[in-house]
Amino acid sequence: IAVDARLKAATILLRLGEVEEAYTRIAVVLTEQPQNADALILRGKVAVVQQNLEGAIEDFRTVLQQRPASLEVLGMLVRAYVAGGQADLAEQGLRSAIKLAPSHMPLRLELVQLFGVRGQFEAALIEVGEMLKIVPDDPDALGRKVDLHIARSEWAKAEIDAKRLRDRHPDRAVGYLQLGNIYFLQSLYDRAADAFKVALDRFRLDH
């Protein structure tokens, strides 16, 4: 009971930004139970806040030895890798997570984002294609696909997918906003203004 109480207190303190006090509670638990997974997770979170990414990675990897199917811990490990500039390890972690949960779209989006940051646009487009096989016309996947085409100055392809996004999700602002961006970047200002106006109207309706 004392362990659970300390960990709950540490969680609350961490959320409140009381990092040092949270760490003190966690350290007491780990002194008594060095392999306590929940305590290691919390210590890893503290390490991330303190920019001690090596420490965070070590803690998250230790927990994964106990909980190899934990998507939560895999996600934290991947983000620590990304923050530490270890993109290859981040990709490996994401692929491992996706194997565990092939239909988990946020994980796939993280992998697409990682590819995009690395300039691997073709790999990102392939992954988006896999997402759209799982959930056809998924707005996040379509939006990311448009972004990737824009990054490659593939205006015709970008417009096709932006119109698909608009047509499949007509009540949402995102498709019109994407079209506005495409037209604006090509100096088609009148068409961009029309698209942005509709996007603003949809945004107001959403909120």
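The values are calculated or read from the model by the stated rules, or taken from the named source; none is laboratory data. Just so it is clear, the structure is predicted and the values come from calculations on it, not from any experiment. Here Cβ is always computed from backbone atoms with ideal geometry, including for glycine, and neighbour counts include all displayed protein chains. Surface areas here come from the heavy atoms of the whole protein model, side chains and all, with no ligands, DNA or RNA. Shrake-Rupley method; radii C 1.70, N 1.55, O 1.52, S 1.80 Å.
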**Asked** For the range 17-128, list the helices (runs of 4 or more DSSP H) that sit wholly inside it and hold at least 2 residues that are within 26 Å of Ala2 (Cα to Cα) and open to solvent by 60 Å² or more (accessible area, probe 1.4 Å); which are they?
**Response** 19-32, 37-49, 53-66
**Request:** For the range 152-181, enumerate the residues that are open to solvent by less than 30 Å² (accessible area, probe 1.4 Å) and among the aliphatic types (A, V, I, L, M).
**Result:** Ala158, Ala162, Leu165, Ala173, Leu179
**Request:** Residues being open to solvent by less than 60 Å² (accessible area, probe 1.4 Å) and free of Cβ contacts under 8 Å to residues at least 24 places away in the same chain: count how many of those fall in the range 129-148.
**Result:** 3
**Message:** Can you find a residue that is free of Cβ contacts under 8 Å to residues at least 12 places away in the same chain, at positive phi and not in a helix (DSSP H, G or I) anywhere in the range 185-192?
**Reply:** yes
**Prompt:** Scanning for something closer than 23 Å to Leu71 by Cα and of a type in the set (Val, Ile, Thr), does the range 131-152 turn up at least one residue?
**Reply:** yes
